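The structure appears right after this line, and notes come after that.
The values are calculated or read from the model by the stated rules, or taken from the named source; none is laboratory data. Quick caveat: nothing in here was measured; it's all calculated off a predicted structure. Reconstructed Cβ throughout: ideal geometry from the backbone, glycine too, with neighbour counts over all protein chains shown. For accessibility, only protein heavy atoms count, side chains too; no ligands or nucleic acids. Shrake-Rupley method; radii C 1.70, N 1.55, O 1.52, S 1.80 Å.
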Amino acid sequence: MRPARALIDLQALRHNYQLAREVSGARALAVIKADAYGHGAVRCAQALQEQADGFAVACIEEALQLREAGIRGPILLLEGFFEADELPLIEQHELWCVVHSMWQLEAIERSAVRGPLTVWLKMDSGMHRVGLHPADYQAAYQRLLASGKVAKIVLMSHFARADELDCPRSDEQLAVFQQARQGIVAEVSLRNSPAVLGWPSVPSDWVRPGIMLYGATPFEQAQAVAARLQPVMTLESKIISVRELPAGEPVGYGARFVSERPTRVGVVAMGYADGYPRHAPTGTPVAVDGQLTRLIGRVSMDMLTVDLTDLPQAGLGSRVELWGKQVLASDVAAQAGSIPYQLFCNLRRAPLLYLGA
Ligand SMILES: *Cc1c(COP(=O)(O)O)cnc(C)c1O
């Protein structure tokens, strides 16, 4: 059997969820869209079911997969419905629904559903992706109430730059939000992971942690609360071949690495077809039998090469951690010009194995 696999530490997932709740003092929807950022949505939801206040996903397909697996309790559709004919299913499965656009509000008004629905009314406070214009927010709120189909409305917005800790944009967005919601008495949800970790003064009744649940930091620089996260995924494989090269020999496609000295090269069963980033350059950290070394040469589809010159004990069959508790996914991502979100979401082929269920 090919040794490439991703171990998923469910105990670490629960630790990170608890941390999100603890540092925010709020209720937390565990964001498990995109198959829990590649970690397996059903297994992650089952692991969190006891403690989680609810879950958030990107679309009704993802929500129904959870319901079919027996996940009860709130599930929020982060982009609401894409077509009005999803409304009866939303009602039937008691899903919570974001309303981010006027067309969605009108669809609810016209629809035959009786509800009562739980709506998270999203404002565009400055990210300029989705959300109602601040000037339309109060009227939309009143129309939703008047529709008679809505039991509860949570006021919601989303930050564009919360991962930049000295950037004033989040405070500006907060000011726009507070100004536009003035006079509405309702619960509020503004914070994703970087805002949970780095913006403690932003008010919230509900937080929406995603990446932090999986133990990766959304920040480029060190941050105190993020340092308490526990990585959930360990992507690992084994050395399947070893060769000794004299100085001056190329390794792999395009000869992107040429040995500067006599070099011991280990070949690892892991490639971009497993989701390891092809753009990770020579020097990207990997751990072999618990010792740090570096990727060398170009990542190919099924294999990559590592430098074993300074690890004489390592060889055929040695365990290689591509990312996990020793090599942080955020560090690999930074080397590859990516973000841990994308590394996790790109994971494929390598089977997921669950620990601490
Ligand atoms: C994906 C998403 C989140 C989670 O973001 P993280 O940065 O992963 O914590 C929160 N809110 C909304 C609206 C989202 O789409």
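Looking at the square roots a ≥ b ≥ c of the eigenvalues of the Cα gyration tensor of segment 10-218, which shape do they give, rounded for a/c under 1.5, prolate if a/b is larger than b/c, or oblate?
Oblate, since a/c reaches 1.5 and b/c is not below a/b.
If one computes the Cα centroid of segment 122-179 and of segment 191-252, what distance in Å separates the two points?
What the calculation gives is 29 Å, centre to centre.
Roll a 1.4 Å probe over the protein chains and send me the accessible area per residue for segment 263-357 in Å².
Accessible area per residue, segment 263-357: 41 Å².
Taking only protein heavy atoms into account and a 1.4 Å probe, give the accessible area per residue of segment 1-67 in Å².
It amounts to 36 Å² per residue over segment 1-67.
On the full set of protein chains, 1.4 Å probe, figure out the accessible area of TYR354 and give it in Å² to the nearest 10.
My reading of the accessible area for TYR354 is about 50 Å².
Out of the total accessible area of the chain (probe 1.4 Å, heavy atoms of protein only), what percent is carbon and sulfur?
Carbon and sulfur: 51 percent of the exposed surface of the chain.
Can you tell me the relative contact order of segment 10-218? Whole percent, Cα pairs under 8 Å, sequence separation 6 or more.
21 percent
Would you please state the base-10 log of I(q)/I(0) at q = 0.13, 0.16 1/Å for segment 90-162, with intensities from the Debye formula using one equal scatterer on every alpha carbon?
-0.35, -0.52
Give the residue from GLN291, MET1, PRO231 lying farthest towards the positive end of the charge dipole for the chain; charges sit on Cβ (+1 for Lys and Arg, -1 for Asp and Glu) and the dipole is referred to the Cα centre.
About the Cα centre, the residue reaching furthest to the positive side is MET1.
Let me know the charge dipole size of the chain about its Cα centre in debye, to the nearest 20, where only the beta-carbon of Lys, Arg (+1) and Asp, Glu (-1) is charged.
440 debye
For every helix of n ≥ 4 consecutive DSSP H residues, a contribution of -39,500 (n - 2.57) applies; sum these over the chain, divide by its total residues, and give [θ] at 222 nm rounded to the nearest 500 deg cm²/dmol.
That comes out to -7500 deg cm²/dmol.
Restricting things to Cα coordinates, could you compute the convex hull volume per residue of the chain in Å³?
142 Å³
Taking the square root of 5 times each eigenvalue of the Cα gyration tensor, what semi-axes in Å does the equivalent ellipsoid of segment 131-245 have, largest first?
40, 17, 12
Determine which lysines satisfy two conditions relative to LYS122: a Cα distance under 17 Å, and not lying fewer than 8 residues away in the same chain.
LYS152
Would you work out the charge dipole size for segment 233-355 about its Cα centre, treating the Cβ of every Lys and Arg as +1 and the Cβ of every Asp and Glu as -1, and quote it to the nearest 20 debye?
220 debye
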